[in-house]
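The values are calculated or read from the model by the stated rules, or taken from the named source; none is laboratory data. The structure displayed is predicted, hence computed values, not measured ones. Note that we place each Cβ from the backbone using ideal geometry, even for glycine, and neighbour counts take in every protein chain shown. Just the protein is used for accessible areas: all its heavy atoms, side chains included, with ligands, DNA and RNA removed. Shrake-Rupley method; radii C 1.70, N 1.55, O 1.52, S 1.80 Å.
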There are 2 protein chains.
Amino acid sequence: MLFPALENVVRLLSSLPGIGQRSALRIAFHLIRSENEKANDISEAITRLKGEVRFCSRCGSLADQDLCSICRDSRRDRSVLCVVEEPGDVYAIEKTGEFGGSYHVLMGAISPLDGIGPGDLRIKELLGRVQDEPDLKELLLATNPTLEGDATAEYIASLLKDAKLHITRISHGIPTGASIEYAEKTTLARSIKLRQDFKAQA
Amino acid sequence: MLFPALENVVRLLSSLPGIGQRSALRIAFHLIRSENEKANDISEAITRLKGEVRFCSRCGSLADQDLCSICRDSRRDRSVLCVVEEPGDVYAIEKTGEFGGSYHVLMGAISPLDGIGPGDLRIKELLGRVQDEPDLKELLLATNPTLEGDATAEYIASLLKDAKLHITRISHGIPTGASIEYAEKTTLARSIKLRQDFKAQA
């Protein structure tokens, strides 16, 4: 390429997750074609993001200061710790209103195909918290019910098998409102294998 | 999301081609985690790109002023116009040293599946040049030999069937150095159907 400014943008953009050389070039062309304002907006938004948002030093969720609002909240139940893959999962669970404990965000799940191993996740930090937080009694593994999420949950459970902790997993099954006839096969199989007492469902 | 700065970045990034809501969020998390310097570099690179690179107002290739260096070059042959999909194709053809004419960049190819129709390409500009450039004798259609590129070439040829122009297409065939045994089937079929006089190949 004859334009150093273009080469530079492509190199930087393709260092971002999920953007290859080809899509970086497409994005650069798109930006060259766009209004100056749009490119400025993106530049400014990135700078503002770095200034205003960080990760909570304890749980790894999003925060506007060292600790996030949940970790700072003294009314939260410190005996249950919910382990999730991404900060977005924290918001989804908070919206249900079903959980009053604290969180730990792993920042992903074990996925050998994507080159993500246990060392790339916040598992060491989780083990540290299990040791340092004396009130902790239950660890709720709320990673996604996918191959990767299941493997991550298994891995964490195996690391903590000797800890004095009740380790639980979110339940799997047919989603509310779904039809049995068209349910995804693996989900249906699991919901039969893991069937619950009728009264427990109420 | 509780963080307007994050919401803002995700909205802007997901407006770029090839970036969905999910990958925009992944990129934002990556940026939050990165050194401040990296985020700054990206912001600055985008601003610099807009300042230093634009598209040639005539051919649509990359330029540092209103016309690109090829369109400004009076030694180029104005009787042959080579039509390509992307600015990168211009550089690839220039490197061969086989072409001394001028270019026209379409900025893509017709692709109904991606929602790209003739109106999204620089075809109107091409028709304008065919009318305005009196020396033009040959139009070499060098769109990719893909479904989309072939369709685009067909479409342009059909629009210009009454123009006094020799319309040509880059040749298709077995790439230099490839083996017939392992050649891709469609390519091999085409290279037989479109076989050339032996002397023409020299």
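At-a-glance table
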{"item": "Search result, residues across region A:42-57 that are more than 7 Å from chain B (Cβ to nearest Cβ) and free of Cβ contacts under 8 Å to residues at least 12 places away in the same chain", "result": "A:GLU44, A:GLY51, A:SER57"}
{"item": "Filter pass, A:PRO17 being facing chain B (nearest Cβ under 10 Å), open to solvent by less than 10 Å² (accessible area, probe 1.4 Å) and without any contact (Cβ under 8 Å) to a residue 60 or more places away in the chain", "result": "no"}
{"item": "Answer from B:GLY173, B:GLY149 - the residue that is buried (at least 16 other Cβ atoms within 10 Å of the Cβ), without any contact (Cβ under 8 Å) to a residue 40 or more places away in the chain and either closer than 26 Å to B:ASP77 by Cβ or under 16 Å from the mean Cα position of the chain (by Cα) (or both)", "result": "B:GLY173"}
{"item": "Residue under evaluation A:GLY60, criteria (1) in contact (Cβ under 8 Å) with a residue 40 or more places away in the chain; (2) open to solvent by 10 Å² or more (accessible area, probe 1.4 Å); (3) on the phi > 0 side of the Ramachandran plot, criterion not met", "result": "(2)"}
{"item": "Filtered residue count, region A:85-123, keeping only those that are β-branched (Val, Ile, Thr) and either surrounded by fewer than 23 Cβ atoms within 10 Å (Cβ to Cβ) or touching a residue at least 60 places away in the same chain (Cβ under 8 Å) (or both)", "result": "4"}
{"item": "Answer from A:ILE110, A:ILE32, A:ILE27 - the residue that is touching a helix residue (DSSP H, G or I) at 6+ places or on another chain (Cβ under 7 Å) and within 19 Å of B:LEU31 (Cα to Cα)", "result": "A:ILE27"}
{"item": "Unique match (being closer than 20 Å to B:THR143 by Cα and open to solvent by 60 Å² or more (accessible area, probe 1.4 Å)) among B:LEU188, B:LEU159", "result": "B:LEU159"}
